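As structure tokens, the structure follows; a few thoughts come after it.
The values are calculated or read from the model by the stated rules, or taken from the named source; none is laboratory data. Given the structure is predicted, the values throughout are model-derived calculations rather than measurements. Methodologically, a virtual Cβ is constructed for each residue, glycine included, from the backbone with ideal geometry; neighbour enumeration extends over all protein chains shown.
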Amino acid sequence: MNILFVASECAPFVKTGGLADVIGAVPKTLAEQGAKVRVMLPAYPALASVAQGGETVLSYDDLHGGPARLVAVSAEGLDLFLLDAPHLFDREGSIYLGPNGQDWHDNHLRYGALSQVAARVAIEGIGDWKPDLVNAHDWQAGLVPAYLKQHSGPTPPCVLTIHNIAFQGVFGPEVMGPLHLSGEHFNPEGFEYFGKVGFLKAGIAFADHISTVSPTYARELLMPEFGMGLEGILQARGHMLSGILNGIDLDIWNPEDDALLPATYSARSLKGKAVCKAELERRFAIAPNPDAPLFCVVSRLTSQKGLDLLLDCLPALVARGGRLAVLGSGQRDLEDGFIAAAQRYPGSVGTIIGYDEPLSHLMQAGSDAILIPSRFEPCGLTQLYGLRYGTLPVVARTGGLADTVIDANSAALAADCATGLQFAPITAAALDQAIDRACQLYGQPKIWAGMVRRAMRHPVGWDQSAEAYLALYQSLMPHRSE
Ligand code: ADP
Ligand code: GLC
């Protein structure tokens with residue numbers, strides 16, 4: 001089975017969040033299970049050298065304002081189609097935002113072009129390669145199903161995967177002309193979103209199946225609190241909506257074999273974890289304290305992630321002897337809040353503002369617990385890394401966080417199955433209680449160590465979920481009559 005993935009990010013080449021990790025990981029497991037994935041991505045500067053080694057398989061004299069080509073190339077174990085369109089993608093800085101911190105003014109053309117070329121490849125194939133199915137990811141690929149719908153001939157089935165409904169790609173109706181979108185579908189059942197054009201809305205309206213990244217988020221998406229204006233169309237198409245939990249790439253995230261750590265360790269021997277902790281404390285100028293846990297945060301600093309709630313809890317966390325190391329970047333108020341906290345609680349709170357992949361591994365390895373108080377979380381990957389590295393996740397009970405962490409309530413502790421802590425409602429008071437519970441459990445070393453070992457053994461790889469994707473893909477294939 002040949003699958004075409006269409007996405008805007010892919011680890012290890014270009015990453016702003018979990019989408020990249022997923023796109024970089026799942027094709028490898030699907031390949032082991034018999035499906036060949038090709039990933040179509042824009043040729044951002046980070047991919048320029050990769051594109052140089054590839055073969056041009058399609059050319060355009062003018063794709064929304066300039067020449068473009070599609071390059072086929074293999075790198076880092078992935079088969080890629082790179083859309084090399086310098087006028088759209090050869091820009092320094094953030095892939096989504098211009099130097100003024102606003103979305104690039106032509107994001108509709110950039111990702112419209114990606115979707116248009118992807119639809120062409122889906123329909124025509126490249127040489128003797130033809131996709132049996134397309135999986136479009138998030139709003140940046142949301143127009144793929146719309147372009148397939150507009151095509152008069154046969155097209156392969158298309159799955160839209162929603163990684164985060166907060167990002168919808170909404171533009172004025174004037175983009176319809178340049179993007180060759182048929183006015184016939186500019187209505188609430190099509191890509192119209194309150195008088196505008198919604199890329200994600202288009203995907204939801206025209207995909208043959210809509211998947212999202214956890215079963216709980218699949219249910220939440222149908223509610224107004226989570227659906228962000230798209231709950232109506234999702235309810236209408238609810239029979240074709242499902243949640244498949246994300247996994248993690250165990251080749252990259254493995255404490256037994258992680259070259260980014262000062263020492264490796266396993267569930268059998270945790271000695272190396274103490275070495276990582278000492279190094280983490282040194283990096284963040286945090287004083288050791290054997291009596292209370294070292295918490296960490298590795299996150300985009302945005303309101304989704306609920307970290308303002310954590311700022312409210314900091315005085316109590318520090319008063320309990322707890323320590324906190326924060327790595328993140330994003331909203332100015334949150335960056336300032338954690339910088340101020342580090343100044344206010346020297347030796348107890350350390351903050352590094354920025355994006356640092358190697359440091360994120362050390363944080364997962366060297367901390368005792370990872371705090372994830374998200375207001376909503378489609379899946380979340382950092383709690384999965386935490387489990388794998390024996391860093392117990394303390395999470396809000398929402399989305400994929402609810403699906404992946406087993407709360408240390410008395411029944412779970414008695415049954416030896418707890419792997420972390422959950423809290424609800426998602427308030428500072430409930431987070432504070434969860435932090436307090438974590439501190440109390442940490443004070444009972446046998447119980448804590450049992451949870452750490454159990455967390456490390458919890459299955460977090462892609463095997464099961466890749467099987468679920470494969471089953472979904474197969475269910476959408478046209479049935480052959482003989
Ligand atoms: P989201 O995609 O909503 O940001 P996820 O938990 O799915 O949330 O994925 C976030 C990914 O980005 C993880 O791989 C995490 O380790 C990484 N990450 C987030 N912030 C940083 C940072 N400041 N430095 C390094 N990695 C980060
Ligand atoms: C989004 C979500 C996150 C999810 C990731 C990968 O960025 O916010 O919860 O883990 O996509 O699917």
(message) Looking at (1) modelled with pLDDT under 95; (2) at positive phi, which one does residue 100 not meet, given that it meets all the others?
(response) (2)
(request) Could you list, in sequence order, all residues of the stretch 254-308 that are within 22 Å of the chain's Cα centre (by Cα) and in a loop (DSSP other than H, G, I, E, B)? (result) 254, 255, 258, 260, 302, 306
(request) Quick one: in the stretch 287-324, of everything that is touching a strand residue (DSSP E or B) at 6+ places or on another chain (Cβ under 8 Å) and closer than 19 Å to residue 263 by Cα, which residue is surrounded by the fewest Cβ atoms within 10 Å (Cβ to Cβ)? (result) 294
(request) For the stretch 328-372, enumerate the residues that are more than 13 Å from residue 281 (Cα to Cα) and in a strand (DSSP E or B). (result) 328, 329, 330, 353, 369, 370, 371, 372
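Does the stretch 402-411 contain any residue that is acidic (Asp, Glu), under 28 Å from residue 249 (Cα atoms) and in contact with a Ser or Thr (Cβ under 6 Å, 6 or more places away or on another chain)?
First, the residues of the stretch 402-411 that are acidic (Asp, Glu): 403, 407.
With under 28 Å from residue 249 (Cα atoms) added as a condition, the list becomes 403, 407.
Keeping just the survivors that are in contact with a Ser or Thr (Cβ under 6 Å, 6 or more places away or on another chain) gives 403.
Taking every residue of the stretch 402-411 in turn, at least one turns out to be acidic (Asp, Glu), under 28 Å from residue 249 (Cα atoms) and in contact with a Ser or Thr (Cβ under 6 Å, 6 or more places away or on another chain).
Hey, does the stretch 208-215 have a residue that's of a type in the set (Ser, Thr, Tyr), surrounded by fewer than 22 Cβ atoms within 10 Å (Cβ to Cβ) and more than 16 Å from residue 242 (Cα to Cα)? Give the steps one after another, and end with the answer.
Residues of the stretch 208-215 that are of a type in the set (Ser, Thr, Tyr), as a first pass: 211-212, 214.
Then keep just the ones that are surrounded by fewer than 22 Cβ atoms within 10 Å (Cβ to Cβ); that gives 211.
Within this subset, residues satisfying the condition of being more than 16 Å from residue 242 (Cα to Cα) are none.
Checked the stretch 208-215: no residue is of a type in the set (Ser, Thr, Tyr), surrounded by fewer than 22 Cβ atoms within 10 Å (Cβ to Cβ) and more than 16 Å from residue 242 (Cα to Cα).
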(request) Identify the residue in the stretch 21-43 that is under 20 Å from the mean Cα position of the chain (by Cα) and either modelled with pLDDT under 95 or surrounded by fewer than 21 Cβ atoms within 10 Å (Cβ to Cβ) (or both) and, among all such residues, is farthest from ligand 2 (Cβ to nearest atom). (result) 38
(request) Please determine, by comparing only the residues of the stretch 1-10 that are buried (at least 20 other Cβ atoms within 10 Å of the Cβ) and not β-branched (Val, Ile, Thr), which one is nearest to residue 131 (Cα to Cα). (result) 4
(message) Of the conditions (1) over 27 Å from residue 166 (Cα atoms); (2) crowded, with 16+ Cβ neighbours inside 10 Å; (3) in contact (Cβ under 8 Å) with a residue 60 or more places away in the chain, residue 72 satisfies every one except a single condition; which number is it?
(response) (3)
(request) From 141, 136, 166, 146, grab the single residue that is over 20 Å from the mean Cα position of the chain (by Cα) and not β-branched (Val, Ile, Thr). (result) 146
(message) Looking at the stretch 136-166 only, could you name the residues that are buried (at least 19 other Cβ atoms within 10 Å of the Cβ), within 16 Å of ligand 1 (Cβ to nearest atom) and assigned to a loop (DSSP other than H, G, I, E, B)?
(response) 138, 163, 164, 165
(request) Would you please name the residue that is nearest to ligand 2 (Cβ to nearest atom), looking only at residues in the stretch 369-392 that are of a type in the set (Phe, Trp, Tyr) and out of contact with any Pro (no Cβ under 6 Å at 6 or more places or on another chain)? (result) 376
(request) Could you check, for the stretch 60-68, whether at least one of its residues is crowded, with 23+ Cβ neighbours inside 10 Å, in contact (Cβ under 8 Å) with a residue 60 or more places away in the chain and either touching a Phe, Trp or Tyr at 6+ places or on another chain (Cβ under 9 Å) or not polar (S, T, N, Q) (or both)? (result) no
